[in-house]
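Accompanying notes for the structure given below.
Computed from the coordinates by the stated procedures, all read-outs in this text should not be read as laboratory data. Computed from a prediction, not measured in an experiment: that's the story for all the values here. Here the Cβ is made from the backbone with ideal geometry for all residues, glycine too, and neighbour counts use every protein chain on show.
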Ligand code: BG6
């Protein structure tokens, strides 16, 4: 691929038979291989506790590829090449002795990527044993979310990793940062001077960020019920999106310049106090309903559920950023499982013109909006006001889109999965798309005060039918400020 140099690497995957590895990581590595983005000498080590025949586990991984990769993108020579790179090793990650076998498989002169697709509680042990077996010097470690469940527990994990690895070799994943359209936010904002002049409290009235999913808990009840939607989605993906929209221009594209600007936004987020929590935050949980014409059970009736659970599967909230650029501009965030549509979208609503010269009854129509569709149907649309055509229309106004649909405009390009980009960046040693320790910690700090407020006040859980846009209270959250969620049907 033009412009990309790939160095030989040893890629070790801890937790290689888990759901994430089989569903996302191996398919991403396969796609990189197929695109010619893995060096001929790159080897992949699949590490897991499961004993038995290594060849049988290898076949299971290849079989997972056959199921997960779209049929048109599976080709036999690429699969064979991939299988040749792949080696399976049984290891108990908490037993130091087991690392000797790993050591044997890792050439000393190549960088080692150690991807932890395991519970975060094991990260410290893996780091300690990598160091003890002399592998730490050449390794970059990749940490999956969630890193802890609050500020304190995330500090414990980060400290344990930091004992053996410098920040420059720690790659914390937030897979939203690997999405093509999320990266495009940087291009949109900082390669077009047009937007920057409008990007502040003088011109923007409010911002909406919606990340809605139609899926439910999909066999992950045990994990999800401990976490809830605030920890699972807001603490990471939604706050990262908010940062990319709200941050000041970085002075260059290096990882630290971008991260410094994101951290400033997180530090400027106003705490949601216990007094304002009822006005500013809505917690919801889905009840039985209908998604895309199919009846689905409620959260409490999912497989392995605990019928008493009061964990939220939906959150809507109003965040405020206390700085010159954004003072007085609410950021409305909402995210939920089992919603009406899979949709990740950011809407920037611009202010009305300062003086209105058209017929007063048309005033409600006025609104310039920039709609950034992250998934599906990736694209950007700018809603502008124009005059209705026709001799009989006078100066009747209407709103219409200036539209850029990525798949129509850039027909040939396949949109890579977020993990493909992230794995490639790790192998290239680029940290831009990974989250620095202070980002995670400020994000936890902000979420912790919210969770604390909930637990002190016994925050009410509002039910919503699966297949809807969330609890009625989430509509009230925004209408209270005289606004509405954009595009809800
Ligand atoms: C993960 C969450 O980080 O993101 C899941 O743990 C969620 O609960 C997923 O379903 C959503 O990712 P995407 O890429 O499908 O929007």
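Quick notes on this one:
- Highlighted here are the strands (runs of 3 or more DSSP E) found entirely within segment 90-195 that include at least 3 residues which are within 22 Å of the chain's Cα centre (by Cα) and touching a residue at least 60 places away in the same chain (Cβ under 8 Å): 112-116, 170-172.
- Residue match in segment 300-322 (condition: free of Cβ contacts under 8 Å to residues at least 60 places away in the same chain and under 20 Å from residue 239 (Cβ atoms)): yes
- In this entry, residue 219 passes the filter for residues that are within 16 Å of the ligand (Cβ to nearest atom), assigned to a loop (DSSP other than H, G, I, E, B), on the phi > 0 side of the Ramachandran plot and touching a helix residue (DSSP H, G or I) at 6+ places or on another chain (Cβ under 9 Å).
- The residue of segment 391-404 that is nearest to the chain's Cα centre (by Cα), among those that are farther than 13 Å from residue 184 by Cβ and assigned to a strand (DSSP E or B), is 403.
- 3 or more residues away from the ligand (no atom under 16 Å from the Cβ): qualifying strands (runs of 3 or more DSSP E) within segment 225-327: 281-287, 314-319
- Among residues of segment 423-440, those that are out of contact with any strand residue (DSSP E or B) (no Cβ under 6 Å at 6 or more places or on another chain) and either surrounded by fewer than 18 Cβ atoms within 10 Å (Cβ to Cβ) or not in a helix (DSSP H, G or I) (or both), counted: 8
- Selection of segment 271-290 for residues being more than 18 Å from residue 239 (Cβ to Cβ) and surrounded by fewer than 20 Cβ atoms within 10 Å (Cβ to Cβ) yields 273, 274, 275, 276, 278, 279, 287, 288, 289, 290.
- Inter-residue pairs, beta-carbon under 8 Å, first surrounded by fewer than 23 Cβ atoms within 10 Å (Cβ to Cβ) and in segment 239-250, second assigned to a loop (DSSP other than H, G, I, E, B), 6+ apart: 240/174; 240/435; 248/325
- Filtered residues of segment 328-359 (kept if within 16 Å of the ligand (Cβ to nearest atom) and either out of contact with any strand residue (DSSP E or B) (no Cβ under 8 Å at 6 or more places or on another chain) or under 15 Å from residue 200 (Cα atoms) (or both)): none
- Candidates are the residues of segment 176-213 that are surrounded by fewer than 21 Cβ atoms within 10 Å (Cβ to Cβ) and within 10 Å of the ligand (Cβ to nearest atom); the one that is nearest to residue 350 (Cα to Cα) is 212.
- Residue among 376, 416 that alone is within 16 Å of the ligand (Cβ to nearest atom) and surrounded by fewer than 14 Cβ atoms within 10 Å (Cβ to Cβ): 376
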